[in-house]
Ligand SMILES: Nc1ncnc2c1ncn2[C@@H]1O[C@H](COP(=O)(O)OP(=O)(O)OP(=O)(O)O)[C@@H](O)[C@H]1O
């Protein structure tokens, strides 16, 4: 029997669970194969349930063989474990929600192969953000309109899609406030022969990396090679930096500087921090709050601060929505606002950890445009961590982590156009 496989554009406003309910209730003749079947969800929400079960009830279902806690695994390792577990249990039909997020190229290929095999035996529904993630076996795009299911052949959908929307970034990047100017060394970060191991397992081996003012770096490496570990060394969050040759903003780690001193110099963004910002603050106040290092705004801003935040919103074309509640913005606009919030102080270093995960093609393209603008027009150094190759990114250098028995070692690559 040939199964129907669907893809659905993933919007955070519609939970996959509710959409699946509509599909199962639908009388559409092509959807009858989903009725009265139990869906297995390969999703972050499912993963989060296992994490909570571990934290709250000492339930080690996923990690009982590895004897490691889920939270001590890298984000890719966690997802692979979940997929292995769920796929072993003979699902009746599968719902996969952005299944390739946080996976390296090899793991993506491995999962694609397994899904292709499974598609011969069970129906699969894929929620996607990036069109390039849609699996070749998918026959229809499903759209919900007024709770009714509409199917469009995949070829019609792909022919009608326009993938890239550039942000019209003609304006200059707003300048920092005059008092924000700081004297920092040309070499912002210096790591020399850094080693990290966890429970005697070597993770990083002799990593030497210098990040200078204004550099634009992409940090790459397979799942579990130590990218996040390396980032935590730089943002002052990893005690393993003590006693090693780690110089952050001119000061050797462990010579009296506080984590706060270090973080003052860093703007940081990763999608998992989005949940911190679900308050009722306006878009404008969210940007200004970047000057105060607070989540919302609790003090009346000065006229200069207001003007500066408006310039940032104007840069990204959102000057008409200054008073809109951040919560009600689209996913893309929320992220653009959070980058402006991180950048309003012109921090010496901006770290973006898998920043486009969950964005659709247009959103990712706009986001990358803004990152490029920041790299060209400011003295802020950027570290961009990602598995996804974004053709438009164009970093100055790539720091590539390669796995070895003795821990990962790092290679500097200068991309050629
Ligand atoms: N606290 C910890 N205890 C034990 N092992 C750890 C701990 N933190 C990280 N590790 C291990 O160190 C290795 C590197 O993890 P890290 O999160 O830095 O990798 P990564 O390159 O960011 O991976 P990914 O691409 O999957 O996010 C992994 O194998 C991880 O399981």
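Values quoted throughout were computed directly from the atomic coordinates according to the rules given, and no laboratory measurement underlies them. No experiment lies behind these values; they were computed from the predicted model shown. Positions of Cβ are generated from backbone atoms using ideal geometry, with glycine treated the same way; all protein chains shown enter the neighbour counts.
Of the strands (runs of 3 or more DSSP E) entirely within the range 53-145, those holding at least 1 residues that are more than 13 Å from the ligand (Cβ to nearest atom) and loosely packed, with under 13 Cβ neighbours inside 10 Å occupy 140-145. When the range 77-107 is filtered for residues that are within 24 Å of residue 385 (Cα to Cα) and without any contact (Cβ under 8 Å) to a residue 24 or more places away in the chain, only 81 remains. Scanning the range 368-379 for residues that are assigned to a loop (DSSP other than H, G, I, E, B) and away from the ligand (no atom under 14 Å from the Cβ) turns up at least one hit.
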